[in-house]
Amino acid sequence: MPMHGIYGEDGAVSAAFLAHVGAAIAEGNTVALKADVGSRHQSEIGDLLEALSPEQRRSLVSLMGAEFDFTALTEVDEAIRLDIVESLKPEQIAEAVQQLDSDDAVYILEDLDPRDQEQILAQLPFTERVRLRRSLNYPEETAGRRMQTEFVAVPPFWTVGQTIDYMREDQNLPDSFSQIFVIDPTFRLVGAVDLDRILRTKRSVKVEEIMRETRHAIPATMDQEEAAKIFEQYDLLSAAVVDENERLVGVLTIDDVVDVITQEAEEDLLRMGGVGDEELSDSVLAAGRSRVPWLMVNLVTAFLAASVISLFDASIQQVVALAVLMPIVAGMGGNAGSQTMTVTVRALATGDLSIYNAGRIIRRELGVGLLNGFVFATLIGLIAGIWFDSVTIGGIIASAMIINMFVAALAGILIPLLLSRLGADPAVASAVFLTAITDVVGFFAFLGLATWWYGLL
């Protein structure tokens, strides 16, 4: 008897379902597996694959054979996808790929070595092989990699009736589509017609009379993130993808764009944490290796901050309160700078921040930094003055707080802008440089002011 619920109350794959599937795998019960897994949505199968052990994943795919929906491999981490695909024979993968939409097939094949790709492509029909090879030849993370090469295209002189008959009779059209593209004899894109317009128009009307110009055709070499911005700006459901000669080569659909948006957001979040492209399925060695570079950079900046502190060791020995309070100045500056940096990196990613409005945004962030600096300087100055029964200590930490909050705001916006201008990814490197600046300035301002003040007494 098939189980109906795959998820538990916490939204994860339930322990009961996992145990049921695990038992079926151990027993080699293909009937139970096909009943419980075969009819599931690709995203549910993907969640199940991620919850199973590596051995169970491979066994599940092997036992289900042709009943396994390979589209589910587009829903899992790269490491899991590679583990499963590399456990299969090239002819098995080739057979499965033929059942997929071209964009899903490319998504699965692109992570394989070129040699393995060629072995699989060699076993595909000529037309399909050419389509997939063309998509794979485009750079990674471009519209050409994400596009679907199955689409509906007709000449402008066709009538609506001819177009409808073509869609009814041709067996090689995509399973679902919302637009019909209009092309000239050289396959250059000249327009598009929405399906609802086709259905509302008389059969005798020519397509060229009801088509509209495609103002948002996307170059195949365009970065996928830029393509996603076009979808967001113009509320598109699909868009034509053209090559350098403006010939129609594919279509980008909203479901692919949603995946791109999610992927880019995850990448930015991980990079801001200095963990690169790490995934939960990565091994301990792979995860550790991906984190080492930025931890090493952090270590260097930590020594830089420590060297600043060492310049004032005599002052710290004379006034113990300095050792207690100095982390507060650096910590508050770092947090304030991180807020500004997050807003800036996000604005750069969405295109909301450019050279035209950078000056206004910089002035705004400096104003916010000064305002917050005065607010927290007053608060921390009072607390420190009462705590150590010293107006001098309160005044010193308040002054240092204003300086560091101002510098943190300035660094939080200028560092991402500078990195972006230099062609570097601001989401990757900004945090390390920001931490170094706020630590160094915070310690130097606080300890320097204290040394100068007490030196005058």
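Farthest toward the positive end of the dipole of the chain, out of L379, I80, A427, is the Cα of L379, where the dipole comes from beta carbon charges about the Cα centre. Charge tally for T221 (other residues, Cβ to Cβ under 9 Å; Lys, Arg +1; Asp, Glu -1): -3. Using the Cβ-Cβ distance between Q171 and N335 with R0 set to 60 Å, the FRET efficiency from 1/(1 + (r/R0)^6) comes to roughly 0.50.
Go ahead and run the numbers for FRET between S53 and R346, Cβ-Cβ distance against an R0 of 51 Å, rounding to 0.05. The value I calculate is 0.85.
Out of these labelled values of percent of Cα pairs over 29 Å apart, [x] 53; [y] 71; [z] 63, which was calculated from the coordinates shown here? From the options [x] 53; [y] 71; [z] 63, the structure gives [z].
Return a whole-number percent for the relative contact order of the range 130-280, with Cα pairs under 8 Å and 6 or more residues apart as the contact set.
26 percent
Projected label points at V391 and A19, each 7 Å from Cα along the beta carbon direction, are separated by 7.2 nanometres. Take every pair of alpha-carbon atoms less than 8 Å apart whose residues are at least six positions apart; their mean separation over the length of the range 284-456 yields a relative contact order of 35 percent. Using θ = phi - 60° in the Karplus curve 6.51 cos²θ - 1.76 cosθ + 1.60, the 3J(HN,Hα) couplings for the range 169-177 round to 9, 6, 8, 9, 7, x, 5, 9, 7 Hz; x is entered for Gly and Pro. Since only P125, N298, A15 are under comparison, the one whose Cα sits farthest along the positive direction of the charge dipole of the chain, derived from C-beta charges on Lys, Arg, Asp and Glu, is N298.
Each of R289 and E9 was given a label point 7 Å from its Cα along the Cα-to-Cβ line. The distance between the two points is 4.2 nm. Fully extending the segment from R200 to Q119 would add 24.5 nm, taking 0.36 nm per residue of separation and subtracting the current Cα-Cα distance.
Going by average Cβ density within 10 Å per residue, which order do the peptides 381-392, 364-375 take, highest to lowest?
Packing order, densest peptide first, comes out as 364-375, 381-392.
Taking 0.36 nm per residue of separation and subtracting the Cα-Cα distance, full extension of the segment from V258 to D111 would add 50.9 nm. For the pair A323 and E244 in one chain, pulling the backbone fully straight at 0.36 nm per residue adds 22.2 nm over the alpha carbon distance. The mean sequence separation of alpha-carbon pairs under 8 Å and at least six residues apart, normalised by the residue count of the chain, gives a relative contact order of 11 percent.
Evaluated with a Cβ-only charge set (Lys, Arg +1; Asp, Glu -1), the chain carries a dipole of roughly 1620 debye about its Cα centre, given to the nearest 20.
Coordinate-derived values only; no laboratory data. The structure presented is a predicted model; accordingly, all values stated were derived computationally and were not measured. All Cβ positions, even for glycine, are placed from backbone atoms using ideal geometry, and neighbour counts span all protein chains on display.
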